[in-house]
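**Q** Below you will find the structure I want to go over with you.
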Amino acid sequence: MREIRFRGKRVDNGEWVYGNYYIFNPISDPAPHIQEQREDGCWSFEVNPETVGEFTGLTDKNGKEIYEGDMLHDGEYTDLVQWEYAQWHLIPANDGLHTYNDGAEVIGNIHDGEWVEAEEVGLVNIHEGEQK
């Protein structure tokens with residue numbers, strides 16, 4: 001069974017946090033939070049809802065965990081990891097349909113603007129809908 005975990009960027013300082021996703025009270029406190037386990041205890045942080053992504057249960061060729069919103073590159077193709085229709089998908093930046101292979105590497109994510117560094121591999125800036 002895969003581990004269910006989320007990540008999101010903290011509202012107060014923009015740092016990534018990893019752990020359980022929850023909304024404390026949808027009526028009085030509808031802000032999303034991630035509860036992160038640390039050496040000094042369990043901490044809860046309000047996160048930007050646009051940055052929340054679920055762990056896929058997979059790792060890249062370097063052992064880095066793959067989350068929704070990550071960009072993968074396998075030497076030939078660059079793809080965006082997205083949850084759609086009750087399953088994980090790779091949305092291709094280049095032509096064609098791609099499947100995950102264990103030679104792929106996380107090269108960034110759509111939330112940190114790291115797509116700019118990957119322009120040479122044809123990554124799509126999905127925020128503006130244009131191909132680079």
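**Q** At a Förster distance of 22 Å, what's the computed FRET efficiency of R5 paired with D102, Cβ-Cβ distance as r, to 0.05?
**A** Approximately 0.60, to the nearest 0.05.
**Q** Now a separate question. For K61, what is the net charge nearby, where nearby means another residue's Cβ is under 10 Å from its Cβ and Lys, Arg count +1, Asp, Glu -1?
**A** Working: positive: K64; negative: D60, D74, D102, E105.
After counting each charged neighbour, the total is -3.
**Q** Mind ordering 39-50, 55-66 by average Cβ neighbours within 10 Å, highest first?
**A** 55-66, 39-50
**Q** Quick check: from the Cα gyration tensor, does the stretch 6-50 come out rounded (a/c under 1.5), prolate or oblate? Kindly include the intermediate steps, with their values, before the conclusion.
**A** Working: a/c = 2.01, a/b = 1.36, b/c = 1.48.
Cα axes put the stretch 6-50 in the oblate bin.
Each value in this text was obtained by applying a stated rule to the coordinates, not by laboratory testing. Just so it is clear, the model here is predicted, and its values are computed rather than measured. Cβ atoms come from the backbone with ideal geometry, glycine included; neighbour counts cover every protein chain shown.
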